[in-house]
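Undergrad: The structure follows.
The values are calculated or read from the model by the stated rules, or taken from the named source; none is laboratory data. Here the structure is a predicted model, which means the values were calculated and not measured. Glycine also receives a Cβ, built like all others from the backbone with ideal geometry; neighbour counts cover every protein chain displayed.
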Amino acid sequence: MPSLLFVDDDEEILDLLTRFFSRHDYCVATARDSAEMLALMEAQTFDLVVLDLMLPREDGLSICRRLRATSSIPVIMLTAMGDDTDRIVGLELGADDYLVKPFNARELLARVKSVLRRSVMPHQPEARTDTRPAMSFAGWRLDLTRRELRTPDNMMVPLSGVEFDLLLAFAEHPQRVLSREQLMDLAHGRNHDVFDRSIDVQVSRLRRKLEATAEAPALIQTVRNGGYMFTPKVQRP
């Protein structure tokens, strides 16, 4: 049973989500602020965090930033504010998805399933073996089984589920100009509204991780009026 942590200061919403997701075979825990959330995360492992933007003492954006500094756990953000700026900031900080209140619980369930499908469950480690399928480019290694990215120095680079799927889409179509619409289709499909409105943000986040040092070559090229191109040659499994 996937384990979810809901962080919201609205007791009515927490109660509704707990009952709804429990009926759909999820283990559910709840927290009303960052202190309760961190205490729960120290005590047990969760597969995904559903995080409200407006919280007492520390807001959801700040919490998301702190989470991303130490963890790659998937995060879905909730907010009563429909401003695109808030969505983009949340995604830049590492949120995997974003949903505006009021929302239908079934829509949130669909988002949770989608994010979990493209994430490696923390409690389900893959067997380590040298024969794992992987793709290589410019000295980097993209492990398709463990959904891991390693630098030419064999250091692991943490990727969110969205970032991994986007990099995989690039690696499967190297040295080709891909429009934003093609990237959306390849990485998630056209039904993913948040990704659809923020493809440039996601590419920018991925590019920063691939080009973290001044010596790193530019692996993702922006093509004016065209989209993006993944420039290195790719060795496939």
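Undergrad: Mind listing whichever residues of the range 154-206 are modelled with pLDDT under 90 and among the basic types (K, R)?
TA: R180, R190, R197, R205
Undergrad: Has the range 35-45 got at least one residue that is under 22 Å from K101 (Cβ atoms), in the same structural domain as D8 (by TED's automatic domain parsing) and in contact (Cβ under 8 Å) with a residue 40 or more places away in the chain?
TA: No, there is no match, as no residue in the range 35-45 is under 22 Å from K101 (Cβ atoms), in the same structural domain as D8 (by TED's automatic domain parsing) and in contact (Cβ under 8 Å) with a residue 40 or more places away in the chain.
Undergrad: Can I ask one more? Please work out if S136 is hydroxyl-bearing (S, T, Y), modelled with pLDDT under 85 and at negative phi.
TA: So S136 fails the test.
Undergrad: Is it the case that A212 is of a type in the set (G, A, S), out of contact with any strand residue (DSSP E or B) (no Cβ under 6 Å at 6 or more places or on another chain) and either at pLDDT 85 or above or part of a helix (DSSP H, G or I) (or both)?
TA: Against the criterion (of a type in the set (G, A, S), out of contact with any strand residue (DSSP E or B) (no Cβ under 6 Å at 6 or more places or on another chain) and either at pLDDT 85 or above or part of a helix (DSSP H, G or I) (or both)), A212 does not qualify.
Undergrad: Something else: Being among the acidic types (D, E) and crowded, with 19+ Cβ neighbours inside 10 Å: is that true of D59 here?
TA: Taking the combined requirement at face value, the residue does not satisfy it.
Undergrad: Modelled with pLDDT under 85, touching a Pro at 6+ places or on another chain (Cβ under 9 Å) and under 19 Å from V157 (Cα atoms) - does that describe any residue in the range 82-92?
TA: No, every residue in the range 82-92 fails to be modelled with pLDDT under 85, touching a Pro at 6+ places or on another chain (Cβ under 9 Å) and under 19 Å from V157 (Cα atoms).
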